[in-house]
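Trainee: Sharing a structure below in structure tokens format, with a few things to ask.
Every read-out reported here was derived from the displayed coordinates using simple, explicitly stated rules and does not represent laboratory data. Quick caveat: nothing in here was measured; it's all calculated off a predicted structure. Methodologically, a virtual Cβ is constructed for each residue, glycine included, from the backbone with ideal geometry; neighbour enumeration extends over all protein chains shown.
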Amino acid sequence: MRKRKAAAKSKSRSSAKSSRRPSTAKWSAAVAKRSDALDLKPGIFKSRSARSIALSLKHSADQSHRRKAGPFQSAMSMLNFEINRAGHNLSANQRKTLDQAKVELRRVYGRAP
């Protein structure tokens, strides 16, 4: 009798998992497209200059009235979002540039490193 119950339980678990469909869209792409936080210049994270990335983020954060947090926090949040979401696809040079942009962003806002 016990064997039947154990088999029934495992069968129901596996059928529950298989009934779920995998998501076809990436949630991060939707966030980047429809974010109300900042209107970023297209392709800004592809720039080779950490200073230009930081200044562009600062400009966007300062101009936006739709953000919920302060301008520095919003700008740093968008930069971290890009690093975290694109992290495994970034080249070593691009990752280094984005990490340096974090330092530059702190500098342009007058924050301690």
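Trainee: Would you mind working out the magnitude of the charge dipole of region 39-113 relative to its Cα centre, with +1 at each Lys and Arg C-beta and -1 at each Asp and Glu C-beta, to the nearest 20 Debye?
Mentor: 60 debye
Trainee: Right, here's the next one. Suppose R0 equals 22 Å. What FRET efficiency, 1/(1 + (r/R0)^6) with r the Cβ-Cβ distance, do Arg111 and Lys26 give to the nearest 0.05?
Mentor: About 0.10, to the nearest 0.05.
Trainee: Starting with the highest mean, order 45-53, 88-96, 104-112 by the number of other Cβ atoms within 10 Å, averaged over the residues of each peptide.
Mentor: 45-53, 104-112, 88-96
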